[in-house]
Structures are given as C-alpha cells and as structure tokens.
Number of protein chains: 2
Amino acid sequence: MLRTATHDGSVVTLVFADGTRARFHAIWLRDNALDPETRAPGNGQRLITIGDIPADLSLAAAEVANGDLQVTFQPEGKTVAFPAAWLRAHVYDRDHTHRPGWTEAGITTWESGLAAPCADWADVHANPRAKRGWLAAVAEFGFAKLTGGPTEPGSLLKVADLFGYVRETNYGPYFEVRTEVNPTNLAYTGLGLQAHTDNPYRDPVPTLQILYCLENSAEGGDSIVVDGFRAAERLRDDNPEGFALLAGYPARFEYKGSDGVCLRSRRPMIELSPDGQLVAIRFNNRSSAPFVDIPFDRMEAYYAAYRQLGEYIDDPAMGVAFKLEPGESFIVDNTRVLHARKGYSGAGSRWLQGCYADKDGLLSTLAAMEMAQPEAAE
Amino acid sequence: MLRTATHDGSVVTLVFADGTRARFHAIWLRDNALDPETRAPGNGQRLITIGDIPADLSLAAAEVANGDLQVTFQPEGKTVAFPAAWLRAHVYDRDHTHRPGWTEAGITTWESGLAAPCADWADVHANPRAKRGWLAAVAEFGFAKLTGGPTEPGSLLKVADLFGYVRETNYGPYFEVRTEVNPTNLAYTGLGLQAHTDNPYRDPVPTLQILYCLENSAEGGDSIVVDGFRAAERLRDDNPEGFALLAGYPARFEYKGSDGVCLRSRRPMIELSPDGQLVAIRFNNRSSAPFVDIPFDRMEAYYAAYRQLGEYIDDPAMGVAFKLEPGESFIVDNTRVLHARKGYSGAGSRWLQGCYADKDGLLSTLAAMEMAQPEAAE
C-alpha cells in the first residue's frame, strides 16, 4: 500500500504504508509500464523499444489510487497503474555499496563441517517437494548428492533430465572417468586430482557437472568438494590486495590433449560482476596456461595470491569428503564448487561417468516450482 | 634465438637476437616448465600444483644454451630448458595498458558497408579450406552466411555438426520460427523485431545462434545483423561516461513466457574483462527486466546511455541486411552480433528454424585446423 505520491516532471517520490520512501524516474516507470501496449499479455515480453519512448518524456500526473500508483506520461498522454507491491519489489533508490566478493541472498558458503546435502533417487522422481529441496541445495550450497540410483551406464543423463539439458562437448554427451592406457586427460588415470573446476579452458564454461558412480571398489578414489566462493572470501579477508589481483587480471587456460581439439580461454580465476559480486571461480592446475596478461611488476604478488588461494583450497578444513557407492552421484555448480579426487590403485575398479549441464535450466526449474507453490518455500 | 641471459635469485633478464629485452620471474618459469615431470607428455596437462613449488624457490643458474634458455631452480636443483621462440611468444614484460572496450587482434568491427561473409554448403562440407574460411569469418566478423543448403527440416543441425555441438534449451534442440496463434515468444509472430542478442536472460547465454531458412515467400521478413562491438565502440568514443555506466552496472533480463520456465539473469549490457576487453553485448528490448542495480543518482544517465546505444543499433548505417532464401542460413556470435527481423505479412509464408551452439567448439575446430595447416593461414 502507498501512503503518498508526489512528483515533478522527471521523478515521483513515494511513501509506502510503513513509512519507507523511494523515488522512481519517469523514464524507468515508462520503460517498465505493465499495460498491454507495453508488455504482451500472453508471454510478458516488452513490445516497445527504448527508442519508442519520447526523448522529451515527462510526468504530467502521479497519484495514489486504491493504494497503488497511477501516473500520466507526456507527451503520450498515457496513464498507467503500478501496483504498490510491484514497486516495493523493484525499489532501486537504496544503498548499492557492496563489499568486493559479496554473494547474493540465498548463497550460503561453507567449510568442512557442512553435512553434504543429499536426496534419494526415487524420492526426487516421485515427490516434487524432494526434487525442489535437492535443486535448492545446489542453488544454495553449489553441490548435492543423489543416492539410491540405478547402476546402468548412462543413468547420469536421467539426472540432467530432472531439471534441464546436457551440454555436449568434445568429450561427448557424457564421458567415462576410469583408467585408460593413453589418457587424453589426467582425469582418465588413477592419479589424485587437486580440487579444481572443470574445463576452465572452455568459454562459456560448463556451469554444472554431474559425476555418477557405477563401480568403486578400488582402494581410494574418494571425492572431495570445496566451496570456491568460501576460498575466495578467505583470500579477500586475509589478503585483499591478492584478491584484487586474481579478480583484476585474466588468467589463461588451455586444453589440446586430443586430435582436432584446441580450447583456450582468457578469464580471471575470480570473476566478479561489475559491482563486485562473486560470479565464478576458475581453478585448475592441469589446464592453466602461461599467464601473460599480468604486468611484470604485479606478477610476483599475483603468484603469491594464487599460492594462497591454492592453500585454502587444499586445506582439509575446507573440503567435504565422501566416497561414492555404485548408483550414487553428485552435481556441482562448476562456477563455484571445486571437486577433487584421491588417488586410487590396487585391486578392484573405479568407474564414474560424467556429463555437463547448465545452471540456467536448473535455476529456471527451481524458480518455476517456487512460483507455482510459494507456500512450500519455507 | 637468445643473445644473453642474466639473473638474480628471482628474475632472469633475456635479450633476444633482435635486441628485445624481457624479464621472467623464477616462479613463473617454474610453474610453466615444459619438462615431462611438470607437463604430461601425452596430453600436455600440468602434473604439479602451485603448492608443489617450494615457497623458497630461487634461480641458481640461468644461461643461454644453443640459443635457448637453460635455468636451474633451487632448492629442487632442477634444470630445465625453455625454447627461445616459446619464451618470445609468452612475454609478459610489456605494456598492458588498454583503452576500455578494446578488442583482441583478429576481431574486425564493421558497419553497413561490409559484404556479408558467405560460404557454400557443398563447399564447406567437401573442402577444408572453405570450411576454415567460413569459421574464420565467424571469429573475425561475428557472423557468416551459408548458402545452397538443403531445405529439409532439421538441416540446421548439420551446420552445427560442422564445428561443434548444439546447446539444447527449453526451446528444444531447435525451434520453429514462424507465426503461431498463441506465441510463447514474440519471435513466433510476424512482428518486426529490433536488433537483439538472443536469450540474455540465460546464464550462460548461448554464444552462437544458427537461423536456417526453409520458406520465405512472405512480403518482408528480411534479416539484419548489427555489430554490437562496433555499437559499443561508438558509444565509448562519443560518450565514455555512458559506456562506463552500461559496463559498470548489471542490467536484468527475464523470460517466463512458458509454463515451467522462469529464466533470469543479472549481467551488464556491455560486459568487459577485468582489463577492459569487450567480452559480450546483451541487448534485448523484449526481455529486459526492471533494472534495479543502478543507484538512483546514476539512473537517468544510465538510461540516456541505453537510449544512445539503441540509436546506434537502430542506425541504418550500422546494419547489414539480406533476405534468406530457402536452404540459406546464417550463424551469429550471440555475444557480439545482434540480429533483427523486418515485419512480414500478406500472402506467402516464412519458416525459419533456429538453434543454439557454443563458441568453444567453433573456435577449437578453427584453431585445430590452423595448427594442423599453418601455411594456409594467410
């Protein structure tokens, strides 16, 4: 509910029922008008372009009507209404200062004490509430396990089907993670792998990865996940200059382990939005290419920050470890959560299958479920 | 060839045969050592982590041997060689200042005078040189046409097969672009569409789009492409403060035109790398959501810059127009080149199919062809 609306030609000042004050510009209101000539009623898409709005736009009137805002724009002579609740949800007249490396509401960073979020295969297929909780865990923590699944090869594709679409790459729609004789990638050996994000040499990077266990009787081969956002926060808190260096210069990544493939990227290890939000972590010792975009006089400090970030990532206090059983899998947000593998050897076998997918589908499926059943959000 | 190498504990200073001088740090050289204990010989991946490098690393020796560099690291007592040509290709002791909005070598921005790059269907399938030229055009100009293709539905998937992989989305592996009765997207109408990038509400955005014509006998329906990087350059040159605003604050995009779909993103209209390189343009009047991340006192200037960018994009001096015939298609780099459609109506029909794919596959295929046949690069 609105209490008052006052205006001049270019700005309307609102006071909400609880006393909150917020200003909105005429141009912003006109661009975001909700009437059927501005937004297509069926699909909600905007029907006008920025150039369709008169350059000499002004507010001729603004008043509270039934608790909502009603404004008239000139020279169009167009009157439109804005619900008070909609305005309240879109206030931009507020403090926008952020600490570099901030994360959005709904993201919870974690260290080794976290109990791995986990859902059951049959449950997420049968019960929308279970599926929603599982997707919400990936959104909040950047990873989640799934247990009790089948042990047929290709089952990981059914995991992706639950929320979105596989991203096929040169590794195929999915790939076999087991020891090979002439490995095109060190993942296809029994070596331990430092915690890493996958395919940082790819742009766009795959934003989700699914790793699905079919056999795991070998000694070792445990999985470890590490919250890269938490590692970045630690670096920011302990060494803000180092954080700024890793965010402020592009690294380079490269993979050309197979014939006909030459993937290269130029992206920072810590990617921030223009206003300092953590967007993505890229960290992979195997595929880091020579860094050539950092000035000579910053290179030693850059490497010191890289070493420090690596120490947080290797710190046992950061990782959540588990050993997948056949039929178990996990999803990681590959823009945030790193995954590692302990080396394995000896008798027995280890066979995982992996595939990539994208966050847009997962977050869209989750958001649509939340819109359809908001009461289940608590 | 190297002329001289001098060193202290942490830096080696090289003079190349042509007199060029460049310094390299011990830590950088050790991390990028090319020996088989540091890089796996088969697949080229790094076998060590940053933490495996001793924190007290120093250079015990550095000398020129057969024109290349040979260095010894302490405390490892490890001696490795670096080819002079490899060092020359990876010099970072150079000027790193860039003008905001710079583009990498190999990118050519354009306006309406450009003759649309074009290749023939049979040719790109039969002739690697033709295929390479076609892919190189997408890399350099951000779009290319393909003519003389079949008119069977689904043929666009064969275009993607030439270089990479389709990115499936909620619109399917591919989608029909023709007039529908209850369109879930304004693309599925006869309306003209302002030049735009597709799916800015998706994160990651699809980085390539293929639009393939099956029927086009209706009046109108011409395609227009606009170089978003060129539009951004014009804004930077004419209004640097406006350019900084569009690059400096996230916009918002949203699509929820279908059941079960709710896609949202928070990304700037002009995305720059941390060192100011143009990375991506996002511009779409239909799916722009209310911008709520710009401070109140910058919003009017932000909107003025948005209007100005839109004027460049709508400027007939910027667009390259063509009308696709059945069997013709074009690819756009959806992070750079906007595409528009003139409205169509009346007798006849217009039926296009569209799909998304990603640049990593295209650029990898191109780079691998260039590595395999460098002599054809001119």
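Considered as a group, the residues in segment A:288-324 that are among the aliphatic types (A, V, I, L, M) and out of contact with any helix residue (DSSP H, G or I) (no Cβ under 8 Å at 6 or more places or on another chain) include one that is nearest to B:Arg46 (Cα to Cα), and that residue is A:Ala289. Scan segment A:178-192 and tell me whether some residue there is of a type in the set (Asp, Glu) and crowded, with 16+ Cβ neighbours inside 10 Å. No, the conditions are met nowhere in segment A:178-192. Of everything in segment B:228-260 that is within 7 Å of chain A (Cβ to nearest Cβ) and open to solvent by less than 20 Å² (accessible area, probe 1.4 Å), the residue that is modelled with the lowest pLDDT is B:Gly257. Among residues of segment A:70-99 that are farther than 23 Å from A:Asp56 by Cβ, those with a Cβ under 9 angstrom from a residue that is open to solvent by 50 Å² or more (accessible area, probe 1.4 Å) and small (Gly, Ala, Ser), sequence gap 6+ or separate chain, pair up as A:Ala84/A:Ala17. Any idea how many residues of segment A:184-206 are within 7 Å of another protein chain (Cβ to nearest Cβ), of a type in the set (S, T, N, Q) and not in a strand (DSSP E or B)? Residues that pass the stated criteria total 2. In the condition set (1) more than 9 Å from chain B (Cβ to nearest Cβ); (2) open to solvent by 40 Å² or more (accessible area, probe 1.4 Å); (3) under 24 Å from B:Ala304 (Cβ atoms), A:Leu29 is compliant with all but (2).
Within segment B:285-334, being at the interface with another protein chain (Cβ under 9 Å from one of its Cβ atoms) and either of a type in the set (S, T, N, Q) or touching a Cys at 6+ places or on another chain (Cβ under 8 Å) (or both) holds for B:Asn285, B:Ser287, B:Ser288.
Considering segment B:195-221 alone, what residues qualify as being modelled with pLDDT of 95 or more and of a type in the set (A, V, I, L, M)? Of everything in segment B:195-221, those that are modelled with pLDDT of 95 or more and of a type in the set (A, V, I, L, M) turn out to be B:Ala195, B:Val205, B:Leu208, B:Ile210, B:Leu211, B:Leu214. Looking only at residues in segment A:93-121 that are open to solvent by 60 Å² or more (accessible area, probe 1.4 Å) and among the small types (Gly, Ala, Ser), the one that is modelled with the lowest pLDDT is A:Ala105. The single residue among B:Ala119, B:Ala22, B:Ala61 that is in a strand (DSSP E or B), within 12 Å of another protein chain (Cβ to nearest Cβ), out of contact with any His (no Cβ under 7 Å at 6 or more places or on another chain) and among the small types (Gly, Ala, Ser) turns out to be B:Ala22. Using the structure shown, decide if B:Ala160 is in a helix (DSSP H, G or I), free of Cβ contacts under 8 Å to residues at least 12 places away in the same chain, over 25 Å from B:Leu272 (Cβ atoms) and open to solvent by less than 40 Å² (accessible area, probe 1.4 Å). So B:Ala160 fails the test.
If a residue has to be under 16 Å from B:Gly67 (Cβ atoms) and surrounded by fewer than 18 Cβ atoms within 10 Å (Cβ to Cβ) to count, how many in segment B:7-20 make the cut? Summing the residues that are under 16 Å from B:Gly67 (Cβ atoms) and surrounded by fewer than 18 Cβ atoms within 10 Å (Cβ to Cβ) in segment B:7-20 gives 5.
Residue count for segment A:311-331 satisfying the condition of being in contact with a strand residue (DSSP E or B) (Cβ under 8 Å, 6 or more places away or on another chain) and without any contact (Cβ under 8 Å) to a residue 40 or more places away in the chain: 0.
What number goes with the only condition from (1) on the phi < 0 side of the Ramachandran plot; (2) out of contact with any strand residue (DSSP E or B) (no Cβ under 7 Å at 6 or more places or on another chain) that B:Asn66 does not pass? It fails just one condition, (1). Looking at this structure, is A:Thr179 within 11 Å of chain B (Cβ to nearest Cβ) and of a type in the set (Ser, Thr, Tyr)? Considered against the rule, which asks whether it is within 11 Å of chain B (Cβ to nearest Cβ) and of a type in the set (Ser, Thr, Tyr), A:Thr179 comes out as no.
For B:Thr79, state whether it is over 30 Å from B:Ser345 (Cα atoms), in contact with a helix residue (DSSP H, G or I) (Cβ under 9 Å, 6 or more places away or on another chain), open to solvent by 40 Å² or more (accessible area, probe 1.4 Å) and modelled with pLDDT of 95 or more. The answer is no for B:Thr79. Once segment B:335-351 is narrowed to residues that are assigned to a loop (DSSP other than H, G, I, E, B) and surrounded by fewer than 22 Cβ atoms within 10 Å (Cβ to Cβ), the residue that is nearest to the other protein chains (Cβ to nearest Cβ) is B:Gly343. Looking at B:Ala130, is it among the small types (Gly, Ala, Ser) and in the same structural domain as B:Met369 (by TED's automatic domain parsing)? Judged against the criteria, B:Ala130 is a match. In this entry, B:Gly192 is excluded by the filter for residues that are at positive phi and at pLDDT below 95. When A:Arg88, A:Arg39, A:Arg129, A:Arg46 are screened for being surrounded by 14 or more Cβ atoms within 10 Å (Cβ to Cβ), at pLDDT 95 or above and away from chain B (no Cβ under 11 Å), only A:Arg88 passes. Of all residues in segment A:276-306, exactly one satisfies the criterion of being open to solvent by less than 10 Å² (accessible area, probe 1.4 Å), without any contact (Cβ under 8 Å) to a residue 24 or more places away in the chain and either more than 23 Å from A:Asp238 (Cα to Cα) or aromatic (Phe, Trp, Tyr) (or both), namely A:Tyr303. Against the condition surrounded by fewer than 22 Cβ atoms within 10 Å (Cβ to Cβ), among the aliphatic types (A, V, I, L, M) and closer than 18 Å to A:Thr109 by Cβ, how does A:Ala317 come out, does it pass? So A:Ala317 fits the description; yes.
The values are calculated or read from the model by the stated rules, or taken from the named source; none is laboratory data. Predicted model, so just to flag it, every value in this text is computed and none were measured. For neighbour counting, all protein chains shown are included, and Cβ atoms are generated from backbone atoms with ideal geometry for every residue, glycine included. Just so you know, the surface numbers come from the protein's heavy atoms only, side chains and all, with ligands and any DNA or RNA stripped out. Shrake-Rupley method; radii C 1.70, N 1.55, O 1.52, S 1.80 Å.
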